[in-house]
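Trainee: Just passing along the structure, written as structure tokens.
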Amino acid sequence: MPGLFDSFTLKAITLRNRIAASPMCQYQAEDGLITDWHIPHYTALARGGVGLVVVEATAVSPEGRITPGDLGLWSDAHTEGVAAIAKAIADAGAVAGIQLGHAGRKAGCMPPWEGGAPLASVDPQAWQPVAPSAVPLIAAHPHVPRAMSLEDIHRAQQDFVDAARRALAAGFQWIELHFAHGFLAQSFLSPHSNLRNDAYGGSLENRARFLIETVAAVRRVWPVHLPLTARLGVMEFDGHDDVNLAESIQVLQWLKAEGLDLVDVGIGFSTLVPVPWAPNLMIDTAAQVARDTGLNVTTSWLITDAKDADRAVRDKKVDVVMVARRLLDNPHWPRQAARELGVVGQVLPTPYAYWLQNWSPA
Ligand SMILES: Cc1cc2nc3c(=O)[nH]c(=O)nc-3n(C[C@H](O)[C@H](O)[C@H](O)COP(=O)(O)O)c2cc1C
């Protein structure tokens, strides 16, 4: 059985190992453009030894940004900067992936460490978010999204397609569509946020329509030999997890039929219900999703122990593990994990490996 440090091939793309840097917003962009922060940050993640780096949630339109500092790919002017990120990742030996997203009703907020609240309407940077229905995340909060017209919906889908085309031009080889965390796509799927009574609301198939059509449309421009993946929130921890999971599995079967290659099994966050945090929280759920959909899977959430990660891969629960905060602590965590698991050489550049091996006790 392959382990954490065995390669993973999906379509024409091979990861040198099964550790991926999970997408992490950096809040450092200006008008969606990269700044001096981004290249060293992504170079560090890739040099640290992961097989795949998925670049942070990158907005497909300005109103799709979670915060004003989000990276964007909504115009050709944004392509050059993210191309430099893709090159830095590939030069360091990892596969360059990018997460494309639209924050829906959660757009237009302060960064989390400033409270994450919606920008005050008097703030010159503020904008009114859009969503399937005019339902705010925070009940009775004035940050009420504008309910999208059919034209808005088709525009947003086209924005995903255009961003995918730019990501390809920029040199990315892996796309993750952000269909989780209560952002636009997840908010179509969730009855908490979707009260529509047209073709995009009501039945599961209608609530899933935005996601299904978006995958199909992106697949048409994203080459068939490159992985098309999505992060889907399959649970909300809102007391209806069995329903959420069963519905998500059905939705993933539809997405697979449209050409989805892998799912990053995530959390819905469509409500403010607290999550029962625990180590390796989503691994068993990811395994169930893999079994029931036949899709390749990855997941994140509190995977911090090398042996746990290796076991999850060896037990075929996941194909790849996504790691986020552990890599912020230490971008070289894959090297540490390799040493812990007794895997020699793989992620260590030759000079480091030489000295490590030569200056160790016999
Ligand atoms: C600083 C930071 C930024 C994040 N930004 C994103 C993001 O852009 N897109 C996303 O889907 N998840 C984002 N996440 C969630 C991570 O991708 C990951 O799912 C989560 O942190 C759980 O993994 P961990 O326990 O290894 O940190 C972010 C997490 C952190 C810590």
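Every read-out reported here was derived from the displayed coordinates using simple, explicitly stated rules and does not represent laboratory data. Remember, predicted model here, so these are calculated numbers, not experimental data. Glycine also receives a Cβ, built like all others from the backbone with ideal geometry; neighbour counts cover every protein chain displayed.
Trainee: Quick check on segment 74-82. Is at least one of its residues within 13 Å of the ligand (Cβ to nearest atom) and out of contact with any Cys (no Cβ under 7 Å at 6 or more places or on another chain)?
Mentor: no
Trainee: Quick one: would you say residue 78 is free of Cβ contacts under 8 Å to residues at least 24 places away in the same chain and in a helix (DSSP H, G or I)?
Mentor: For residue 78, the condition - free of Cβ contacts under 8 Å to residues at least 24 places away in the same chain and in a helix (DSSP H, G or I) - is not met.
Trainee: Filter segment 311-340 down to residues that are away from the ligand (no atom under 16 Å from the Cβ), within 21 Å of residue 93 (Cα to Cα) and more than 20 Å from the chain's Cα centre (by Cα), then give me how many there are.
Mentor: Residues in segment 311-340 being away from the ligand (no atom under 16 Å from the Cβ), within 21 Å of residue 93 (Cα to Cα) and more than 20 Å from the chain's Cα centre (by Cα): 3 in total.
Trainee: Test each condition in (1) part of a helix (DSSP H, G or I); (2) under 12 Å from residue 101 (Cα atoms); (3) out of contact with any Lys or Arg (no Cβ under 8 Å at 6 or more places or on another chain) for residue 161 and report the one that comes out false.
Mentor: That leaves (3) as the condition not met.
Trainee: Hey, can you tell me all the residues within segment 276-296 that are within 14 Å of the ligand (Cβ to nearest atom) and under 23 Å from residue 250 (Cα atoms)?
Mentor: 281, 282, 283, 285, 286
Trainee: If you check residue 193 against the conditions, is it more than 16 Å from the ligand (Cβ to nearest atom), of a type in the set (Ser, Thr, Tyr), over 21 Å from residue 97 (Cβ atoms) and crowded, with 23+ Cβ neighbours inside 10 Å?
Mentor: yes
Trainee: Restricted to segment 278-305, and to residues that are among the β-branched types (Val, Ile, Thr) and not in a helix (DSSP H, G or I), which residue is farthest from the chain's Cα centre (by Cα)?
Mentor: 304
Trainee: When segment 277-316 is examined, which residues are found to be without any contact (Cβ under 8 Å) to a residue 60 or more places away in the chain, touching a helix residue (DSSP H, G or I) at 6+ places or on another chain (Cβ under 6 Å) and under 24 Å from residue 338 (Cα atoms)?
Mentor: Result: 280, 283, 297, 299, 303, 304, 312.
Trainee: Select from segment 85-112 the residues that are within 30 Å of residue 47 (Cβ to Cβ), part of a helix (DSSP H, G or I) and within 13 Å of the ligand (Cβ to nearest atom) and list them in ascending order.
Mentor: Listed by number, the list holds a single entry, 112.
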